[in-house]
Amino acid sequence: MHGDNKPHISANRGDNYGVIAHWYDELYSFRDSVDLQFFLSCAGRPGMRILELGCGTGRISIPLARAGQHVTALDLSQAMLARLREKLAAEPGAVQEHMVTVQGSMAEFDLAERFDLILIPFRAFQHLLTTAEQRSCLACIRRHLAEDGRLVLDLFDPDITKIAGYVAAAGRFSQDLEKETADGGLLRRYSRIVADTRQQIHEVSMRFERLDARGRTIDNDQESFRMRWMTHNECVLLLELCGLEISHVQSGYDGSPLEDRQGELIYTCRRSDGQ
């Protein structure tokens, strides 16, 4: 099963997230303790057909394949998928046989298969900036869900106070992540968010730097991307309009209820009857 699918996908709009792909695994490994176990638990039994949209470097997909799931991993970024395939090549043959990688847009894909579970972790859905793209994505998801299949969709819960802070910061960079490296150096991330409150879009710029054990900068790079945020009520309406019924909502990976406002909007959905 290992290899590339040849499905119908939308035209590639050029590579993106190449800089982030270079830094992602080393800098974002802390996410494994935050959400990885949650997404592994979503699968339940082994041998499920799972589609991950916005799979990135395989942080979720590869552990799912290790757990015996049949995983299709889709991402638009060539750089992200190249890193995933490099990591997958180092896995045992049994894991490789449980994965297929696909380059394409989550807004328009046709894999000629139905899945027991479709995952969109770590806010990847919010890289779709228009309602048309969002509805196209959800329509594709509905077509690809098995009759009793589930969608698990993870968004961030917009905090108006934080958004106001982005506006007040007037586009200044600030350090928001730091990690020690095995050789005694540091990895640092600096972020700048310019908030368009009318369009509900964040223009995000990230600057990465690596310091050696003596504090000298030995590598650095920067990349920008945009994300669209949505309120809970907006998400509910969008999902319902696209023929998806919400069976559960939580505000954290630990199952916290919506009213706890833990920073996440995590929806579990099924196909609506009669559509």
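The values are calculated or read from the model by the stated rules, or taken from the named source; none is laboratory data. Worth saying up front: this structure is predicted, and the values here are computed from it rather than measured. All Cβ positions, even for glycine, are placed from backbone atoms using ideal geometry, and neighbour counts span all protein chains on display. Ligands, DNA and RNA are stripped out before the accessible areas are found, and what is left, the full protein with its side chains, is counted by its heavy atoms. Shrake-Rupley method; radii C 1.70, N 1.55, O 1.52, S 1.80 Å.
Calculate the spin-label point distance for ARG135 paired with VAL249, positioning each point 7 Å from the Cα along the beta-carbon direction, and give it in nanometres.
2.1 nm
Could you tell me what percent of the DSSP beta bridges with both partners in the chain are antiparallel, to the nearest 5?
Values: 42 of 61 bridges.
If we restrict to bridges inside the chain, about 70 percent are antiparallel.
Could you work out [θ]222 nm for the chain from helices alone, using -39500 (n - 2.57) per DSSP H run of at least four and dividing by all its residues? Round to the nearest 500 deg cm²/dmol.
It lands at -7500 deg cm²/dmol.
Once R0 is set to 35 Å, what does the formula 1/(1 + (r/R0)^6) return for the Cβ-Cβ distance between GLU86 and GLU203, expressed as a FRET efficiency to the nearest 0.05? Before the final figure, lay out each step's value.
Values: r = 30 Å, r/R0 = 0.86.
According to the calculation, E is roughly 0.70.
Give, in nm to one decimal, the length gained when the segment between ARG261 and ARG214 is fully stretched (0.36 nm per residue of separation minus the Cα-Cα distance). Intermediate results must be reported in sequence, preceding the final value.
Working: separation 47, 0.36 × 47 = 16.92 nm, distance 4.10 nm.
Fully extending the segment from ARG261 to ARG214 adds 12.8 nm.
Using a cut-off of 13 Å between beta-carbons, work out the net charge of the residues near VAL95 (Lys and Arg +1, Asp and Glu -1, VAL95 not included). Write down the numbers at each step before the final one.
Values: positive: ARG66, ARG85, LYS87; negative: GLU91, GLU97.
Overall, the nearby charge balance is +1.
Select from segment 170-235 those chymotrypsin sites (Phe, Trp or Tyr not before Pro) which occupy a DSSP coil region and have at most 15 other Cβ atoms within 10 Å, ordered by residue number. Don't skip to the answer; put the middle values down first.
On the way: sites: PHE173, TYR190, PHE208, PHE225, TRP229; in loops: PHE173, TRP229.
Passing sites in segment 170-235 are PHE173.
What does the charge add up to near GLU240, with Lys and Arg as +1, Asp and Glu as -1, over the other residues with Cβ less than 14 Å from its Cβ? List each step's numbers first, then the result.
Values: positive: ARG135, ARG142, ARG270, ARG271; negative: GLU234, GLU245, ASP273.
Cβ neighbours under 14 Å give a net charge of +1.
Of the heavy-atom accessible surface of segment 63-178 (probe 1.4 angstrom), what whole percent is carbon and sulfur? Write out the running numbers ahead of the final one.
Numbers: 2440 of 4740 Å².
The C+S portion of the solvent-accessible surface of segment 63-178 is 51 percent.
Using the heavy atoms of the protein chains alone and a 1.4 angstrom probe, what is the accessible area of the chain per residue in square angstrom? Provide the component values of the computation, followed by the final result.
On the way: 12880 Å² over 275 residues.
Here the residues of the chain average 47 Å² of exposed surface.
For segment 144-200 and segment 71-128, what is the separation of their C-alpha centers, rounded to whole Å?
22 Å
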